[in-house]
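As structure tokens, the structure follows; a few thoughts come after it.
The values are calculated or read from the model by the stated rules, or taken from the named source; none is laboratory data. These numbers come from a predicted model, not from an experiment. We place every Cβ from the backbone using ideal geometry, glycine too, and count neighbours over all the protein chains shown. Side chains are part of the model used for accessible areas, which takes the heavy atoms of the whole protein and leaves out ligands, DNA and RNA. Shrake-Rupley method; radii C 1.70, N 1.55, O 1.52, S 1.80 Å.
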Amino acid sequence: MEDRPWLKCYDPGVPHTIEYPEIPLFQILTEAAQKYPQSTCTIFKGARITYREMDALTDRLAAGLAAEGVKKGDRVGIFMPNTPQFVIAYFAILKLGAVVVAINPLYSHREIEHQVNDAAIEVMLVMSNFYKTVKEVQPRTMIKKVIVTNLKETLPPVLSFLFTLTKEKKGGFRVQLDEGDLWMQDLIARHTPADRPKVEVTPDDVALFQYSGGTTGISKGAVATHRNLVANSLQIRHWMPQAEDGKEIVLMAIPLFHVYGMVAGMCFAIRTAAAMVMVPNPRDLKDVLGNIQKYHATIFPGVPTLYNAINHHPDVIAGKYNLSSIKACISGSAPLLRETKERFEALTGGKLVEGYGLSEAPTATHCNPLNGYNPPGSIGLPFPDMDCRIVSLDDEVTVLPPGEVGELVLKGPQVMKGYHNMPTETANTLRDGWLYTGDIAYMDENGYFYIVDRKKELIKPGGYQVWPREVEEVIAAHPKVLEVGVAGVPDAYRGETVKAWVVVKPGETMTEEEVREWCREHLARYKVPTHVEFRPELPKTTVGKILRRELVRQHKESVAA
């Protein structure tokens, strides 16, 4: 217990250790189909697919992919938003012992080419509105075959008809396939579940290449096994002992191509035999809110920017939506501010807690208790079977006592095998069984962990140390501020100085001096931003993480101009 002080803070019903079944990941879908055949697996614009149907569809597509030459160990790309087709493609690939590589459809050609070539993808499953993009990059990649699906294939009949009439061509969904490319629905129609080849897939076979966003340099492919993904799905499931198998409704408004949505959303939901309400565009807040209300969503994994946007949506403030069905929300990918948490909980009556994870441990390693104490600013407690340490930034080995700041390192059943084709990066990140996260953190005496910042984003004005997150949290607490990003920018006198980019709430006005005065009240003088820039919005990743590096790049460009 001394080594794991966090265990005493677990919610009642959360186990200290879990027995993990020796199964491939797709077995969780098969088991859900056997236990809850008539339960809903996906809901999309009103159309439902049951667990029995989903299991059969993935078998049929697996047979179709095998007929097209996909075999065990092949890397197969998925290039889609949150739709039932993503789920079908994902589990069909795994059932062949092939490896999923989910790619962000909003990436530039350069980013797509890098990931496709690095993973050696020859077959890509794509939503039709992104077909043109894939065909544009294909000549510079190893892609041999593109398998295409149309959004309307999983819409209810009436909506599908209306979509064909009004939106299909306008949205770029109506496409003519090149010779050799195939429609996914045709591939499914040609085969029965019995046609699926029987491939032996073990827990230690590779299931996933998860590429980092590339915001910290070249995008790296974290290699995860079936064992890793099964373990994390079960850890998340056990963190919510009050959840009921076959009865929950999970709102899928975080991208499935991102490992957080993929594991904490989809895999957790399937392990729980929950219905997944698919939201292709989380920026469409009316769709998000409408789906919560219509389908009585109970579990809602998300990111702070999404919860914050809901908190400030005029229709929510006016009471036009009933969000009281929500029971539990785990927030990830960025710090969850206390104001966001408290306001959202007041609006819904549910629990919103901050968690922590990374692509290298797909996906989650820590979370605050849903019913227990949530210290402000904490990422919570390590999951069952996790070992975590804070090690010295000087020698990267010495284990630090509670309260001291160092690098967070961790060990657990969900930690990746390594990076694809990057032995040096793998050796730097995985040392003696420990994953070095690159995050600066500390642990309190009760085993709660706190992220201070990224190792590489430390600001050093005049030799002092400033963590951007600390300044962001202070500015975000100002009643006029909606969002804020903080980073270091070049400075002739101090070498580097603190700059804040601020988005004010609708209807509010603010001056640079107001921001600085607020900071002077709450921060040491050297942490107060020298520069403050007001903006209508901030650049973000697809999961809502503010891109500090992009803000710095734009600052340097404006200074150079």
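Give me the distance in nm between label points sitting 7 Å out from Cα along the Cα-to-Cβ direction at V397 and E19, one decimal.
Between V397 and E19, the label points sit 4.0 nm apart.
In whole Hz, what ³J(HN,Hα) sequence does segment 384-397 give by Karplus (6.51, -1.76, 1.60; θ = phi - 60°), x for Gly and Pro?
x, 6, 9, 10, 9, 9, 10, 10, 4, 6, 7, 9, 6, 10
What lysines could a cross-link reach from K480, if we take a straight Cα to Cα line under 26 Å and drop same-chain neighbours fewer than 8 places away?
Within the straight-line cut-off, K480 pairs with K286, K320, K341, K351, K499, K505, K527, K540, K545.
With label points built 7 Å along Cα→Cβ from the Cα atoms of T530 and K8, find their separation and express it in nm.
4.7
Under 5 Å between amide H atoms, partner at least 5 residues away or on a different chain: which partners does E354 have, H built in plane at 1.01 Å?
Close amide H contacts, sequence-distant or interchain: S331, N368.
Sequence-distant or interchain residues sharing an amide H contact under 5 Å with D74, placed H: which?
Correct list: V99.
Could you sort 359-366, 79-86, 316-323 so that the peptide with the highest average Cβ count within 10 Å comes first and the rest follow in order?
359-366, 79-86, 316-323
On a full-extension model of 0.36 nm per residue, what is the gain between K556 and L162, subtracting their alpha-carbon distance, rounded to one decimal in nm?
Working: separation 394, 0.36 × 394 = 141.84 nm, distance 4.79 nm.
Gain on stretching K556 to L162: 137.1 nm.
Please sort by residue number the trypsin sites (Lys or Arg not before Pro) in segment 230-307 whose DSSP state is loop and whose Cβ has at most 15 other Cβ atoms within 10 Å.
K247, R283
Please report the antiparallel percentage of DSSP beta bridges with both residues in the chain, rounded to the nearest 5.
60
At 1.4 Å probe size, with every protein chain present, just tell me what the per residue accessible area of the chain comes to in Å².
41
Out of every Cα pair in segment 50-151, what percent are spaced more than 17 Å from each other?
Values: 2398 of 5151 pairs.
Value for segment 50-151 (Cα pairs over 17 Å): 47 percent.
Out of segment 463-539, which chymotrypsin sites (Phe, Trp or Tyr not before Pro) are coil in DSSP terms and have no more than 11 other C-beta atoms within 10 Å?
In loop regions of segment 463-539 (DSSP not H, G, I, E or B), the sparsely surrounded chymotrypsin sites (Phe, Trp or Tyr not before Pro) are Y493.
Heavy atoms only, probe 1.4 angstrom, no DNA, RNA or ligands counted: give me K460, K95 ranked by accessible area, highest first. Walk me through the numbers on the way to the answer.
On the way: K460 105, K95 0 Å².
The ranking, largest first, comes out as K460, K95.
Within straight cross-link reach of K72, meaning Cα distance under 29 Å, which lysines are found once same-chain residues fewer than 8 apart are removed?
Partners found: K35, K95, K132, K135, K144, K145, K198, K220, K411, K417.
Quick one: if you take sqrt(5λ) for each eigenvalue of the C-alpha gyration tensor of the chain, what semi-axes come out, biggest first, whole angstrom?
They are 37, 27, 25 Å, listed from largest to smallest.
With θ taken as phi - 60° and the coefficients 6.51, -1.76 and 1.60, list the Karplus ³J(HN,Hα) couplings across segment 369-379 in order, rounded to whole Hz; mark glycine and proline as x.
Per residue, the Karplus-derived 3J(HN,Hα) values read x, 6, 10, x, 5, 10, x, x, x, 8, 7 Hz.
For V481, enumerate residues with amide H under 5 Å from its amide H, sequence gap 5+ or separate chain, H modeled in the peptide plane.
K505
Counting only protein heavy atoms and a 1.4 Å probe, tell me what percentage of segment 218-298's accessible area is made up of carbon and sulfur.
Reported share for carbon and sulfur atoms: 51 percent.
Can you put R174, R516, R343, R338 in order of accessible area, largest first, using a 1.4 Å probe?
The ordering from most to least exposed comes out as R338, R174, R343, R516.
Just grab the label-to-label distance for Q176 and M142, each label 7 Å out from Cα along the Cβ direction, in nm (one decimal).
It works out to 3.2 nm between the two label points.
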